[in-house]
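The values are calculated or read from the model by the stated rules, or taken from the named source; none is laboratory data. Quick caveat: nothing in here was measured; it's all calculated off a predicted structure. Here the Cβ positions follow ideal geometry from the backbone for every residue, glycine too, while neighbour counts run over all protein chains shown.
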Amino acid sequence: MLVGLLLIGVAAWGKGLGVVSSIHIIGGVIAVGVFLLLIAVAGLYMIILGLVFIFQFGISCSCLAVNRHRQADVINASWWVLSNSTRHELERSFDCCGLFNLTDLHLQDDTSCSAMCKTRSSTFTEILGVWLAMRFRNQKDPRANPSAFL
């Protein structure tokens, strides 16, 4: 019951603050929250959980069956179906220009992109952080009691 109330509350909060602009997403989250509340009231946990497990298992198997080339085809086809306002919203939130984040204006599909078109690359500090984490991750604390179990 708590999860259903949380879903409804988070959806209302997201719509109120303008975090999510799509009313379809908000409506879907609220519908799932109401559905979970009804399940909690009716007490049909195990039946519904079994159905949800079968559904999630089927979706995950179908997602794993799609190769990289097919993923690129689906994403490319759906990009051209989107409206211009949705494209601009995605470009602004992901900080990219167009589907392939092209920085050359003559190669972009829409030259009115207002995103910064930053290229995402690893910096020296990120590499240093990964190296330090790997190097010092499993060291023991010299101040700890050696006879203590954990």
Worksheet item: Can you find even one residue in the range 54-74 that is in contact (Cβ under 8 Å) with a residue 12 or more places away in the chain, in a helix (DSSP H, G or I) and not assigned by TED's automatic domain parsing to the domain that holds residue 24?
Response: no
Discussion item. Restricting to the range 12-65, name every residue that is under 26 Å from residue 90 (Cβ atoms) and among the β-branched types (Val, Ile, Thr).
Written reply: 19, 20, 23, 25, 26, 29, 30, 32, 59
Item to complete: Hey, can you tell me all the residues within the range 71-92 that are under 18 Å from residue 25 (Cβ atoms), more than 18 Å from the chain's Cα centre (by Cα) and polar (S, T, N, Q)?
Response: 83, 85
Discussion item. I want to confirm something. Restricting to the range 1-40 and keeping residues that are in a loop (DSSP other than H, G, I, E, B) and hydrophobic (A, V, I, L, M, F, W, C), which single residue is nearest to residue 86 (Cα to Cα)?
Written reply: 20
Fill in: Meets criteria (part of a helix (DSSP H, G or I) and modelled with pLDDT under 85) for residue 47
yes
Discussion item. Against the definition (modelled with pLDDT under 80 and within 25 Å of residue 22 (Cα to Cα)), how does residue 124 come out, yes or no?
Written reply: no
